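Report on the structure given below.
The values are calculated or read from the model by the stated rules, or taken from the named source; none is laboratory data. Only a predicted model underlies this, so the values are computations on that prediction, with no experimental measurement involved. Here the Cβ is made from the backbone with ideal geometry for all residues, glycine too, and neighbour counts use every protein chain on show. When the accessible area is computed, the model is the full protein with side chains, heavy atoms only, and any ligands, DNA or RNA have been set aside. Shrake-Rupley method; radii C 1.70, N 1.55, O 1.52, S 1.80 Å.
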Amino acid sequence: MIEIRGVSKIFQGDKAVDQLSLTVHKGAIYGLLGSNGAGKTTLLKTLAGIYRPDAGTVKLGGQPVYESPEVKRRMIFMPDSPYFFPQATIRSMAAFYKSIYPDWSQKRYDELLAMFRLDPRRKLSRFSKGMQRQAALLLALSCRPEVLIMDEPIDGLDPVMRRQIKNLLFQEVAERELTVLISSHNLREIEDLCDHVGIMHEGRMLVEKDLDDLKSDTHKVQVAFRDERHAAALESILQILHREERGSVRLYIVKGERERISQAFHVYDPYVLDLLPLTLEEIFIYEMGGAGYDAQPIIL
Amino acid sequence: MFELDVRSRKPIYEQLTDKVKEMIMHGILRADEQLPSVRALSSQLTVNPNTIQKAYRELEREGYIYSLQGKGNFVAAMQQEHNESKRAGLKTELLRLMAEAVYLGFTESEISALYRQALDQRREGNSHD
C-alpha cells in the first residue's frame, strides 16, 4: 500500500532522511520507532506529501503522493500536535473535512461523536490536550481514509481512552483493511498495537520486520555453566549481540531460533538455563547500541 | 473465553496458539466447534486483528483447526500424526522434569498420583461443556 524507495530529504545540508526504503502492506499497523531526531517526523511528512523528497519515490497504491490531490484524498496525516482553525468547533472542522474528503461518512461521524462524548459546538481551543487528540482522531476516521498516518498519537490520552482508540483502530483494520502508520516513543504501546515495526536512526532504517518475527528472532539467555570453558565454546558458535557477567550467572542476548539456541546450551547441561523472549524495549536498546547509540552510565 | 497476559514477554500470537491448543487438548473446545471470528476476538481482547489472523493460520498449518471460506475457523478432529511428534517432544521434557523430581525425592507413588490427577482433570473437562 505504502512504498517508499530510496528517499532522501535534506535540510540545509543535513540529511534528515537518508536513502530510506519502507513498505507497508494494506491492512497492516506499522510502528515507526527511532531515536530522537532520527527523522521520523520528516519521513511521515514526506509520506503525507507535505515535503517533496530530494531523492527517491513515495507511492501510495502505486501512485506518487507529492502534489497529487487524488492520492491525498485517500489518506490522513495527524501531526504530533493537532491543528484546528482558530475559533473552530468540531462541527465547523467536520464541515471543512467533508468538503475535502469525498468518502466522508456522516454516519461514522455521528457514531464516533457519541462514543467520544465530545461537544461538537464547543470551541476546540477550549478542549484539553487529550480531548483535542480525540477530536482529531474522530475527524480523521470520519473521513474513511485508506491510510492513516499518525505522529506520536498516544500522548496525553488516559488509559481508558487509549484502549478505546486501540479497539477503534483494530476494528477499522479488521473490517475495511485500514492501513495505519504510527510513530512513537512509547514502546509498550507500539508493542500492543502494531504488527510490523521499523527502527530508524540518523535518517536510516536499522531494522524493519514483523514484530513477532523480530521478537522470536532474538532471545535473552541467563545461564550458569558447570565449567567456565563451556562459555567460550558456545560464544564461538552463536551470534551474540550482547553479554554480561553477574557473578557465576551470564546474560546473553542471542540472535537466532529458540530451538537451536536452546539445544546449543543444553549440550553443556548448565546448572541454570533461562531462555526469555525480548521485549520491544530491549530490542530497541540493543539494536541502537549496535548502531553506536547507547545509554552511557553518566554521573554528573 | 481467552485471557492473555499483555505484560508477558511471550509474543501474543504464541500465547493465543498455545491457549487454543490447550483448550483443544483438554476437550474444552470440541471437534468442529467454531472459534470466535478474528473481528470479535480482536475487540474482545484488544489485540491486533492481524496477530489473531496469524495465530489462526499457524494453528491451521499445524492441523489443530480448519477454515471454511466465508464461514470461519473450526476445531479439527484430533489426528494421530501430529500427536506423534508432540509425544516425542513431551517425552524428553517429561524425562527432564522427572530427573528433577527424583533429585528432589519424589516417590513413585507420588508421581503416579499426579498422573491420575491429570487423568481426572481431563475427564472433568470433557463432562463439563
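Some points to look at:
- Looking only at region B:38-55, residues that are more than 7 Å from chain A (Cβ to nearest Cβ) and not in a helix (DSSP H, G or I) come to 1 in all.
- Test result for B:THR17, of a type in the set (Val, Ile, Thr), closer than 27 Å to A:LEU273 by Cα, within 14 Å of chain A (Cβ to nearest Cβ) and open to solvent by less than 30 Å² (accessible area, probe 1.4 Å): yes
- Whether a residue is away from every other protein chain (no Cβ under 14 Å), touching an Asp or Glu at 6+ places or on another chain (Cβ under 8 Å) and open to solvent by 70 Å² or more (accessible area, probe 1.4 Å) was assessed, and A:ARG243 passes this test.
- If you go through region A:10-40 and keep only what is open to solvent by 50 Å² or more (accessible area, probe 1.4 Å) and either under 14 Å from A:HIS201 (Cβ atoms) or not in a strand (DSSP E or B) (or both), you end up with A:GLN12, A:GLY13, A:LYS15, A:GLN19, A:HIS25, A:LYS26, A:ASN36, A:GLY37.
Each row is one residue, and each column tells you yes or no for (1) away from every other protein chain (no Cβ under 12 Å); (2) under 29 Å from the mean Cα position of the chain (by Cα); (3) modelled with pLDDT of 85 or more.
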position: A:LEU251; (1), (2), (3): yes, yes, yes
position: A:SER262; (1), (2), (3): no, no, yes
position: A:LEU275; (1), (2), (3): no, yes, yes
position: A:GLU282; (1), (2), (3): no, yes, yes
position: A:MET288; (1), (2), (3): yes, yes, no
position: A:TYR293; (1), (2), (3): yes, yes, no
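- Number of residues in region A:148-163 that are within 11 Å of another protein chain (Cβ to nearest Cβ) and surrounded by fewer than 17 Cβ atoms within 10 Å (Cβ to Cβ): the value is 1.
- Listed by first and then second residue, the pairs with beta-carbon distance under 7 Å, at least 6 apart or on different chains, first residue in region A:217-230 and under 21 Å from A:LEU276 (Cα atoms) and open to solvent by 60 Å² or more (accessible area, probe 1.4 Å), second acidic (Asp, Glu) and not in a strand (DSSP E or B), are A:ARG226/A:ASP269.
- Taking the conditions (1) more than 14 Å from chain A (Cβ to nearest Cβ); (2) over 22 Å from A:SER262 (Cβ atoms); (3) out of contact with any Lys or Arg (no Cβ under 8 Å at 6 or more places or on another chain) in turn, B:VAL75 satisfies each one other than (3).
- In region A:61-87, the residues that are over 22 Å from A:SER105 (Cα atoms) and either in contact with a Cys (Cβ under 6 Å, 6 or more places away or on another chain) or of a type in the set (A, V, I, L, M) (or both): A:VAL65
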